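Shown next, in structure tokens, is the structure this report addresses.
Taken together, the values in this text are just the output of simple stated rules run on the coordinates, not laboratory data. Bear in mind the structure is a predicted one, so any value in this text is a computation, not a measurement. Note: ideal-geometry Cβ built from the backbone for every residue, glycine included; neighbour counts use all protein chains shown.
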Amino acid sequence: MPTPKKHRLIVVSPSGKRETSAVDMIHEVVRQIPRGRVTTYGAIAKLLDLPNARMVGHALRFVDITRDRVPAQRVVTASGHLSHDRTGKRRALLIKEGIQLKGDKIVEFNKLFWDPAVEL
């Protein structure tokens, strides 16, 4: 018996315009993460049916958080650790949102985790 084909989620912006690139879809999901909450690279990859979480990391690696209005600081590893925070800017933004960190790990990560597959 053939396996059913998976359907890819198509993100549509409020204007009704269909986003065409994986980077655009990733950025749109990240923009929907509520302030004071975090999600993981893997959760976004799973939602968008991407082959792996690294694609999400690459799409967010060079985001200018202020200019692009993509809150990349809210995306962390599956274990709740910050990554790609060479300047400490993402850490500072999370603290400003009321998220506590111990070292580079989110305190109470499980309580703050926002699952896009459930929330969207």
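Given 93, 56, 106, which one lies farthest toward the positive end of the charge dipole of segment 47-110, if we put +1 on the Cβ of every Lys and Arg and -1 on the Cβ of every Asp and Glu?
Projecting each Cα onto the dipole axis, the largest value belongs to 93.
Run the paramagnetic zone check for residue 32: 7 angstrom along Cα to Cβ, then residues of segment 63-98 with backbone nitrogen under 18 Å.
69-76
Once each part is reduced to its C-alpha centroid, what is the distance from segment 96-120 to segment 29-82 in angstrom?
12 Å
Within the set of other residues whose C-beta is less than 13 Å from the C-beta of residue 88, count the net charge using Lys and Arg as +1 and Asp and Glu as -1. Could the numbers behind the result be given before it?
On the way: positive: 86, 89, 90, 91, 96; negative: 85, 104.
Value of the local net charge: +3.
With all pairs of different alpha carbon atoms counted, what Kirkwood hydrodynamic radius in Å does segment 41-104 show? Please list the in-between numbers first.
Values: mean 1/r = 0.0812 Å⁻¹.
The answer is 12.3 Å.
Separation between the residue 64 and residue 52 pseudo-spin-labels, each 7 Å from Cα along Cα→Cβ, expressed in nm?
3.0 nm
Assuming R0 = 22 Å, can you tell me the calculated FRET efficiency for the pair residue 107 and residue 84, based on Cβ-Cβ distance, to the nearest 0.05? Intermediate results must be reported in sequence, preceding the final value.
Values: r = 20 Å, r/R0 = 0.90.
Calculated value: 0.65.
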